[in-house]
Amino acid sequence: MSITDFTLYRDELDDIFFSGRSYLQRETKHHKDFWLFCERYYRYQKNKSPSIPSDGAEGYSKLDLPLKYDKRYRCNFSILFHQNYDHLPRGLNQEKLKEFKQLVHLYEDFNQKQKFAKIRKIKNDQSNLPISQYRSKIITAVQQNQVVIIAGDTGCGKSTQVPQYLLNSGFSHIACTQPRRIACMSLAKRVGYEMLNQYGSRIAYQIRFEESKTRATKVLFLTEGLLLRQLVSDPTLSLYNVIVVDEVHERHVQGDFLLGILKDLLPIRRDLKLILMSATININLFANYFEGAPVIKIPGRLYPIQLEYVSQLTIRESREFGGTADRFDTSPYLKIMQIIDEKYPDNERGDMLIFLSGLSDITALFEDARNYALKTKKWIVLSLHSSLSVEQQEKVFDIVPEGVRKCIISTNIAETSVTIDGVRFIIDSGKVKEMSYDSGAKMHRLQEFWISKASAEQRKGRAGRTGPGVCFRLYSDSEYEAFEQYSTPEIRRISLDSLILQMLLLEIKNPTDFPFIEPPSKAALDHSVISLQDQGVIEKENMKLTVIGKMLANLPVEVVIGKTLIMGTLFKIIPSVVTMAAALAVQSPFYKTVDQGSEIANAREEILSTEGDPFTLLNAYNAWLQVKAEREIPSKKWCRQRGIEEQRFYEMSKLRLQFLDLLQDHHLISEKEVNDKNDPFRKQSIDKKRERKKQLRDLKRKYARDKLGKRKMLRMDGEHAQNVSDDEVKETDFRDAEFRLLYGDHRSRDRKEKKQDDYDEEDPRTVLLHKVVLVSGLYPNIALADECNSWRKENEQIFHAKTKSFVTPHPGSIFAMQPQLLHPQIISNKDESQLANPRSALSSGHQIIAYVSLLETTKPYFVNGIRLPALQTLLLFAKNIKTDRTCTRMIFDNWLEIGLYPDCRRCGKMLILLVQVRNMWNQLLQFHVDKDVLDGKKAKSLDEFQDKLKKKIYRICDDSIRYTIKKYADASNMKRTEQLDSTHVTDKETIESSDTKDLTQVQISDYLEYDSLETTEDRCKSNTLEYLDSRTWSCSLCNTEMKANFVERLKHSSECTILQHSKGLSSSTKSATEQIARRLYKCPVCFEEFNFSAIEILRHKKSHTEQAAEGSSSVISNEGGEDNTLVKSDG
């Protein structure tokens, strides 16, 4: 019988056997592998020249056994085929079909043998792990105790085996927490592989933006933060029977908080089991914390590790290899690479893992190591850090060609979270960068420290996992002995604002009484509480979240970004503000490559915004969406041309939808606004979401099958070391398919449309409104340019914040690239000295910077800044404003002083408008967050009210009033604040005759103190100051006409509420005293009691001051002028 090449009939056989519900689905990896098997089997049989046995045997013996052996007898299974054909194609007959079916059986038998071989290898590897000898001891301890501590040395197998032991022993619904996302994914993948469930969902993971769990999930790997989030909706964690907290030694703030929560939860959930695991755990600390919990110590499986200390003298000598003193010294690392090349043969496998402190050092070494690798052709250099995409991180697990080694340059992410097989050499710099927080400067510091002894041992242990290794320590043994035993807990060095917010959300009212394993200082807790109170997140009277605070606590972002989100919904500019908030909440998508040239800078110019970094991020994201919509070039290529990490955009997209869900859950946006057809991320119906979720799960499963069994080979292409796997394009296609599946296809959008509908960078009104919304969340994070910046170089520009002086723009900021954007436009200068000091120059173009945060690395930087008009920003958002009588001198938050040089009348008008705007803003915010008030009152249309508020904001910002600005340092000329009435906090104001030198301030509102500063007479054209007599004046908020002087108008503008007007009070007949609520008032001068409004209290106090001033010449003039005149001009 001749051998048939069935690949010639592939399409016909697919139609016959593999259509419909066949066990081999077309266009799957299984299907492709089968035809590859057919091709190889044909070549093998052709070379051997035997024929494939026929389907039947020639006869049977007396025992009913076949007389002739048939290969299919080896298959202990049968496959049912659904044959679909009316007539056989040409070249095929029934005999050939039987031969083809036998070939399918042989293929499946081949697969089964591979699976059994894999199972044998898995079981053999598991039995060789040190932890396997402790399996029964671990299970017994968990069954008999509620808390168990496992101290397993590096390489013992605790992270992968303990969940399997628990599941196989009858425990279910097991949660395994990890401090990092990459660890959750890699462990779920490995445990699923060992339990033969790599395609299923019994073993799953859940991280930010991504999950694989289903109802069938039994073991879930998730981050500590996500488990804490689940406590909000499930305070007893009823979904889980066992919680495994891994890597507890890292002492992240989320991990310490989780341990405290679980300690309080254990007495309530007696059925809950808690297992703590780590390699370098402080056993006594954790055992005492959980009141004598049993400790199981497991030795590690480490091969011998040769330890070599490289002294600083040797490091200095190695600089002749190419290192320099003015940058990160890469010469010791290159020297060690050279030693390895000379000492160890190429055929001896063994990769190298280098631990550095931060991204800047990694970038510097990556460049030099790659140049060395290109010369020797013996290395492929990879980097590993948290800002890389998942695909880039996974390249460290790929293999290299024969005779080539991997050089992996990593942060401490590879210390515990990632296990890389094949690592033989370790270079330990002994350094780590840790984030700390300076509460006084309100600044984060990323500082470099020596690691602890525990971390040094963890790093060394990475070299002895699969064979004998060598660890080079770039420090001396005496320096090692001086290391701390364990690292400082994160909770004692970072800002606790987010932690306090999370505790209050979980109704933990007193943070100082919380059972931390090692509590933070009381001063740090108190500072965070005060900070949150100042931001309106916590009520000052008690430790309760405000309405806004509850919303912010549910948002997985910093408070300043969360407030920006809420304000965006207030002014109905939702799509763009949500995008900017998401962009600020993830790592910057812009990266600097080692070979970055002018091409990337030129390509970025089209998306750069001169208004500030958040607008650049918005432009970049919108441009990326447009590229995906047009599909003319791959979005990954577009990003690479501009030095953009596309993974950040995918994260922003997922976070954006999460924000929209949370805002709708809190009724801040309506379903109509979310389903706006103009928004590419419009929400879908529940059924549609469920359908797409299933499609996404199937897509991931298919992607996982396609990747299985493909050993990705790293290679060097051309002159540049491009560590690109063969499947990179397919991985990109998967992410793109996932994006379109979740968020819809953008092809229907207008190709010419490049902006979201609520944002047009060419419209000054739109840009201004977005700035107002952003700074409403960012304030008081503002900085003022140094007065000598005009003399400095572009890269030496300096700014001053209230809490930290001498900060500079972050190197990636638009203001670092174009510092001239922040130079004031001087309108007029008669004095040439003003040109040398632009801040003291008279101008309406002074600017300040609002920023998201301060970060100190090599120097203090402000991060993600936007430029704003100085005067208008301070008027709208300052927490405290002090003015003189003429309103031409103002001090904001006791650190910035502005001097205005128009007539006093114009300043007075602006101040009244300001008070009205801030009053309207507060009312609108109350309407927005408290739906009961909005629904229960017959107020004016909310849209009309918003439009009215926006117009008033535009009026303030459009005012071209000229002024000077400087830092305020002298408090001696501020007037004494006198509290006249201790019964009512709001009754601090008084007004005296203007010829009295010691005028006391008038407290207009909680933020405005009028007449609390000495007046500089030459600032006003008129030196005669006038408080208007009670003239007829119409309030633009309630349209009420009244007789009121300037102070009374300010007071009314700050108290006028549209809600009271909407009850039906007539705007033309009711007086101001009837509009404003009355209260009992006892005069401290005449000791009589009255039922007065606030304005009537002012008038009564004024009557006493006039009596006291009787006989002296009054400065107040009642002559002429229009109704809104504040001061009569000399002219």
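The values are calculated or read from the model by the stated rules, or taken from the named source; none is laboratory data. Keep in mind that what you see is a predicted model, and the values were worked out from it rather than measured. A quick note on method: Cβ atoms are made from the backbone with ideal geometry, for glycine too, and the neighbour counts reach across all protein chains shown.
Considering only the range 445-495, how many residues are of a type in the set (A, V, I, L, M), surrounded by 19 or more Cβ atoms within 10 Å (Cβ to Cβ) and in contact (Cβ under 8 Å) with a residue 60 or more places away in the chain?
6
For the range 397-478, which fully contained strands (runs of 3 or more DSSP E) count at least 3 residues that are over 30 Å from residue 852 (Cα atoms)?
Qualifying strands (runs of 3 or more DSSP E): 405-410, 423-428, 469-473.
Quick check on residue 375: is it assigned by TED's automatic domain parsing to the domain that holds residue 448, under 25 Å from residue 713 (Cβ atoms), surrounded by fewer than 20 Cβ atoms within 10 Å (Cβ to Cβ) and of a type in the set (Lys, Arg)?
yes
What number of residues in the range 157-178 are farther than 27 Å from residue 215 by Cβ and crowded, with 23+ Cβ neighbours inside 10 Å? Please lay out each step first, then the result.
So in the range 157-178, the residues farther than 27 Å from residue 215 by Cβ come out as 157-158.
Now restrict to residues that are crowded, with 23+ Cβ neighbours inside 10 Å: 158.
Residues flagged as farther than 27 Å from residue 215 by Cβ and crowded, with 23+ Cβ neighbours inside 10 Å within the range 157-178 amount to 1.
Could we say that residue 423 is β-branched (Val, Ile, Thr), more than 30 Å from residue 497 (Cβ to Cβ), touching a Leu at 6+ places or on another chain (Cβ under 7 Å) and at pLDDT 85 or above here?
Numbers: β-branched (Val, Ile, Thr): yes; more than 30 Å from residue 497 (Cβ to Cβ): yes; touching a Leu at 6+ places or on another chain (Cβ under 7 Å): yes; at pLDDT 85 or above: yes.
When the stated conditions are applied, residue 423 passes them.
How many residues, within the range 378-392, are over 19 Å from residue 344 (Cα atoms) and either touching a Lys or Arg at 6+ places or on another chain (Cβ under 9 Å) or surrounded by fewer than 23 Cβ atoms within 10 Å (Cβ to Cβ) (or both)?
Here the count works out to 10.
Taking the range 276-300 only, how many residues are crowded, with 16+ Cβ neighbours inside 10 Å, closer than 18 Å to residue 262 by Cβ and of a type in the set (A, V, I, L, M, F, W, C)?
8
Among the numbered criteria (1) modelled with pLDDT of 50 or more; (2) of a type in the set (S, T, N, Q); (3) surrounded by fewer than 17 Cβ atoms within 10 Å (Cβ to Cβ); (4) within 30 Å of residue 788 (Cβ to Cβ), which single criterion is violated by residue 1030?
(4)
Check residue 551 against each of (1) touching a His at 6+ places or on another chain (Cβ under 7 Å); (2) free of Cβ contacts under 8 Å to residues at least 24 places away in the same chain and name the one condition it does not meet.
(2)
Within the range 519-546, work out how many residues are surrounded by fewer than 17 Cβ atoms within 10 Å (Cβ to Cβ) and either touching a helix residue (DSSP H, G or I) at 6+ places or on another chain (Cβ under 8 Å) or within 30 Å of residue 622 (Cα to Cα) (or both).
Count: 6.
Just a yes or no: is a residue in the range 520-534 of a type outside the set (S, T, N, Q), in contact with a His (Cβ under 9 Å, 6 or more places away or on another chain) and more than 30 Å from residue 371 (Cβ to Cβ)?
The answer is no, given that none of the residues of the range 520-534 is of a type outside the set (S, T, N, Q), in contact with a His (Cβ under 9 Å, 6 or more places away or on another chain) and more than 30 Å from residue 371 (Cβ to Cβ).
Among the numbered criteria (1) surrounded by fewer than 20 Cβ atoms within 10 Å (Cβ to Cβ); (2) in contact with a strand residue (DSSP E or B) (Cβ under 6 Å, 6 or more places away or on another chain); (3) under 24 Å from residue 178 (Cα atoms), which one does residue 350 miss?
Just one mismatch for residue 350, condition (3).
Restricting attention to the range 516-534, does a residue exist that is in contact with a Phe, Trp or Tyr (Cβ under 8 Å, 6 or more places away or on another chain) and either under 30 Å from residue 929 (Cβ atoms) or assigned to a helix (DSSP H, G or I) (or both)?
no
Please enumerate the residues belonging to the range 183-224 that are basic (Lys, Arg), surrounded by 17 or more Cβ atoms within 10 Å (Cβ to Cβ) and either within 22 Å of residue 248 (Cβ to Cβ) or touching a residue at least 40 places away in the same chain (Cβ under 8 Å) (or both).
Scanning the range 183-224 gives 208, 218.
Filter the range 479-496 down to the residues that are over 18 Å from residue 429 (Cβ atoms), charged (D, E, K, R) and not in a loop (DSSP other than H, G, I, E, B) and list them by number. Reasoning before the result, please.
We begin by selecting, within the range 479-496, every residue over 18 Å from residue 429 (Cβ atoms); these are 485-486, 488-496.
Remaining after also requiring charged (D, E, K, R): 490, 492-493.
Residues satisfying the conditions are 490, 492.
Table: residues versus (1) modelled with pLDDT of 80 or more; (2) out of contact with any Phe, Trp or Tyr (no Cβ under 9 Å at 6 or more places or on another chain).
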{"residue": "735", "(1), (2)": "no, no"}
{"residue": "741", "(1), (2)": "no, yes"}
{"residue": "747", "(1), (2)": "no, yes"}
{"residue": "755", "(1), (2)": "no, yes"}
{"residue": "783", "(1), (2)": "yes, no"}
{"residue": "786", "(1), (2)": "yes, no"}
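Out of all the residues in the range 603-642, which are assigned to a helix (DSSP H, G or I), in contact with a strand residue (DSSP E or B) (Cβ under 9 Å, 6 or more places away or on another chain) and among the basic types (Lys, Arg)? Break it down stepwise before answering.
Of the residues in the range 603-642, the ones assigned to a helix (DSSP H, G or I) are 603-604, 613-630, 635-641.
Filter again for in contact with a strand residue (DSSP E or B) (Cβ under 9 Å, 6 or more places away or on another chain), leaving 604, 613-617, 620, 624, 638.
604, the sole residue that qualifies.
Residue under question is residue 212, and the condition is that it be of a type in the set (Gly, Ala, Ser) and farther than 23 Å from residue 280 by Cα; does it hold?
yes
Within 21 Å of the chain's Cα centre (by Cα), under 30 Å from residue 783 (Cβ atoms) and in a helix (DSSP H, G or I): is that true of residue 499 in this structure?
Answer is yes for this residue.
Within the range 359-387, which residues are modelled with pLDDT under 85 and touching an Asp or Glu at 6+ places or on another chain (Cβ under 8 Å)?
387
Under the condition of being of a type in the set (S, T, N, Q) and part of a strand (DSSP E or B), which residue from the range 843-865 is farthest from residue 435 (Cα to Cα)?
843
Among the residues of the range 576-602 satisfying the criterion of being in a helix (DSSP H, G or I) and free of Cβ contacts under 8 Å to residues at least 40 places away in the same chain, which is farthest from residue 761 (Cα to Cα)? Can you show your working first?
Here is the first cut: in the range 576-602, the ones in a helix (DSSP H, G or I) are 576-585, 598-602.
Subsequent filtering for residues that are free of Cβ contacts under 8 Å to residues at least 40 places away in the same chain retains 598, 601-602.
Values: 598: 25, 601: 21, 602: 20 Å.
Per the stated criteria, the residue is 598.
Restricting to the range 367-378, give me the number of residues that are of a type outside the set (Gly, Ala, Ser) and without any contact (Cβ under 8 Å) to a residue 60 or more places away in the chain.
6
Which ones in the range 113-167 are part of a helix (DSSP H, G or I), among the charged types (D, E, K, R) and over 19 Å from residue 203 (Cβ atoms)?
If the condition is that a residue be part of a helix (DSSP H, G or I), among the charged types (D, E, K, R) and over 19 Å from residue 203 (Cβ atoms), then 113, 120, 137 are the ones that fit.
For the range 615-654, which positions are under 16 Å from residue 602 (Cβ atoms) and either touching a residue at least 60 places away in the same chain (Cβ under 8 Å) or not assigned by TED's automatic domain parsing to the domain that holds residue 577 (or both)?
616, 619, 623
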